[in-house]
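One structure below.
A short reminder: the numbers here are calculations on the coordinates, not readings from a lab. Just so it is clear, the structure is predicted and the values come from calculations on it, not from any experiment. Virtual Cβ from ideal backbone geometry, glycine too; neighbours counted across all protein chains shown.
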Amino acid sequence: MKRLFLVVVAMLSMTMTFAEDEHLKNVNNVSAYKMDVNYDKLGEALSLTRDQMEAVKDIHQAFCADMMSVAAASKESQKAMMKNAISKDLGFMRIVLNEKQYKLYLRLLNTTINNRGLNMR
């Protein structure tokens, strides 16, 4: 009886460990897709005007929502959804930013995506 009890306890412990690892992977995965930024720092880095700052905030907030949708999507559709979200974001930013600002924004976004392990290879 004692052995049976120990076996049951061991099985429950292993099951909970695997469930916890799976939960941590999901949490880490979702946090990688959070693209929140400090808009004051971004505006300073890009030398944005007040009008540009408002437009960039609106565009980036929509991008953040799109990226959270990507995080919630199935693995099969994530790549296409992320490509679409990035293309849409860059298209709108290209309209709002001048060439120098756009190149710097592109570099910042690319670095952020690479640092979070979201490269689309």
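Only one entry of 71, 55 meets the criterion of being more than 17 Å from residue 95 (Cβ to Cβ), in contact (Cβ under 8 Å) with a residue 40 or more places away in the chain and surrounded by 14 or more Cβ atoms within 10 Å (Cβ to Cβ), and that entry is 71.
Kindly indicate whether any position in the stretch 63-83 is closer than 14 Å to residue 34 by Cα, assigned to a helix (DSSP H, G or I) and of a type outside the set (A, V, I, L, M, F, W, C). Checked against the condition, which is being closer than 14 Å to residue 34 by Cα, assigned to a helix (DSSP H, G or I) and of a type outside the set (A, V, I, L, M, F, W, C), the stretch 63-83 yields at least one hit. Scanning the stretch 26-52 for residues that are hydroxyl-bearing (Ser, Thr, Tyr) and part of a helix (DSSP H, G or I), we see that the one that is surrounded by the fewest Cβ atoms within 10 Å (Cβ to Cβ) is 31.
Taking the stated definitions as given, is residue 118 crowded, with 17+ Cβ neighbours inside 10 Å and within 14 Å of the chain's Cα centre (by Cα)? Yes, satisfied.
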